[in-house]
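Asker: My structure is below; once you've seen it, I'll send some questions.
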Amino acid sequence: SLPHSSRVQYDVTRRVSAAELQPGDLVFYYSPISHVAMYIGNGMIVHAPNSRSVVRTASMGYMGTPVGYGRP
């Protein structure tokens, strides 16, 4: 299980590099961290852009440059 907060999710996951990403790893955005997405492979993520949006797929760079990657 993971905590709700993206910042706390960053704290409790194991750091991996972009080259090590595997489907299911988490991709964190912004400083301070305030958004998280799940990597699904081939440079793509699944995420909800905001609380009013539906979950969707996007390229990993869609939300800007990621600030870190974590493996649950």
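The values are calculated or read from the model by the stated rules, or taken from the named source; none is laboratory data. Here the structure is a predicted model, which is why all the values come from computation and not from measurement. Positions of Cβ are backbone-derived with ideal geometry, glycine not excepted, and every protein chain shown enters the neighbour counts. Heavy atoms of the whole protein, side chains included, go into the accessibility calculation; ligands, DNA and RNA do not. Shrake-Rupley method; radii C 1.70, N 1.55, O 1.52, S 1.80 Å.
Asker: Using a 1.4 Å probe and counting only protein heavy atoms, arrange 40, 33 so the residue with the most accessible area comes first.
Answerer: I get 40, 33, largest accessible area first.
Asker: Now for a separate question. Considering only DSSP states other than H, G, I, E and B, which trypsin sites (Lys or Arg not before Pro) in segment 14-55 qualify as loop sites with at most 10 other Cβ atoms within 10 Å?
Answerer: 52
Asker: Just need the relative contact order of the chain here, percent rounded to a whole number, with Cα pairs under 8 Å and 6+ apart.
Answerer: 38
Asker: Taking the Cα centre of the chain as origin, sum charge times position over the Cβ atoms of Lys and Arg (+1) and Asp and Glu (-1), and report the length of that vector in debye to the nearest 20.
Answerer: In debye, rounded to 20, the chain gives about 120.
Asker: A further question on this structure: Of (1) 1.03; (2) 1.05; (3) 0.92, which is the value of Rg/Rh (Cα atoms, Kirkwood Rh) derived from the coordinates here?
Answerer: (3)
Asker: Let me ask something else about it. Give me the accessible area per residue for the chain, probe 1.4 Å, as a whole number in Å².
Answerer: Working: 4370 Å² over 72 residues.
Per-residue value: 61 Å².
Asker: Note down the net charge around residue 68, summing +1 for each Lys or Arg and -1 for each Asp or Glu among other residues with Cβ under 14 Å from its Cβ.
Answerer: Within the 14 Å Cβ shell, the charges total +1.
Asker: With θ set to phi - 60°, apply the Karplus curve 6.51 cos²θ - 1.76 cosθ + 1.60 along segment 53-59 and write out the HN-Hα couplings as whole Hz, x wherever there is a Gly or Pro.
Answerer: So the Karplus estimates, Gly and Pro as x, are 9, 7, 5, 8, 9, 7, 5 Hz.
Asker: Using 7 Å Cα-to-Cβ label points, what is the residue 62/residue 31 separation (nm, one decimal)?
Answerer: 2.4
Asker: May I pose another question? Which sequence of 34, 17 reflects their accessible areas, 1.4 Å probe, from the largest down?
Answerer: The ordering from most to least exposed comes out as 34, 17.
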